[in-house]
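Just so it is clear, none of the values below were taken in a lab; they were calculated from the coordinates. From a predicted model like this one, the values you see are computed outputs, not experimental measurements. Every residue, glycine among them, receives a Cβ derived from its backbone with ideal geometry; neighbour counts consider all protein chains shown.
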C-alpha cells in the first residue's frame, strides 16, 4: 500500500470519522477559508488511485467511501516504519522506546503479558 502525504492522510481522517462523502461534503467540513472544490476533488481521485477510497455514482456525482479502515492503515504504516528503521525487528522498536524512556516498567510488563496471552491463544 502506498504511503500517504500529510494532506491525503488528513482527508482520510475525515472519511474514517464521517463515512462515505461527496466532495462537496468534504469541502464544507473545512473552516474558512475553505479549500477549492477542484483541489479536494484531485486529492480524492489520488486517494482512490492509491486504493484508499472507492466510489459509487449517484446521478451526476460520486459518493466516495474508505476502502480500508483506520486500523488497517495504522498497522500498515507501523509495519513500514518497523521494516525501514528497525530492520523488521519489533524487539528493536521496544528496545529503542525503552532506551528513550518512552515506556515505563509497568507498560513493558503489560506488553509482555499481552504477548504471552496472544501466544497462548495460538
List residues of region 5-34, by number, whose backbone nitrogen lies under 18 Å from a label position 7 Å along Cα→C-beta of residue 74. 9-19
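Provide, as a two-decimal number, the C-alpha radius of gyration of region 70-121 over 2.2 N^0.38 Å, N being how many residues it has.
1.25
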Kindly express, to the nearest 10 degrees and within the range 0 to 90, the angle between helix 70-86's C-alpha long axis and the longest C-alpha principal axis of the chain. 50 degrees
Rg and Dmax in Å for the chain, alpha carbons only: what are they? 19.3, 57
Please arrange 1, 12 by counting, for each residue, the other beta carbons lying within 10 Å of its beta carbon, fewest first. 1, 12
Could you please state, rounded to a whole Å, how far the C-alpha centre of region 65-85 is from the C-alpha centre of region 1-18? 11 Å
Using a simple spin-label model with points 7 Å from Cα along the Cα→Cβ vector, what separation in nm is obtained for residue 37 and residue 54? 2.7 nm
Two pseudo-spin positions, 7 Å from Cα along C-beta at residue 96 and at residue 28, lie apart in nanometres by 4.3 nm
Gyration tensor on Cα atoms of region 7-58, a ≥ b ≥ c root eigenvalues, a/c under 1.5 rounded, else prolate if a/b beats b/c, else oblate, says rounded
Could you work out [θ]222 nm for the chain from helices alone, using -39500 (n - 2.57) per DSSP H run of at least four and dividing by all its residues? Round to the nearest 500 deg cm²/dmol. -20000 deg cm²/dmol
Using a Gaussian network model of the chain with C-alpha springs under 10 Å, which one of 43, 15, 98 is most mobile by mean-square fluctuation? 98
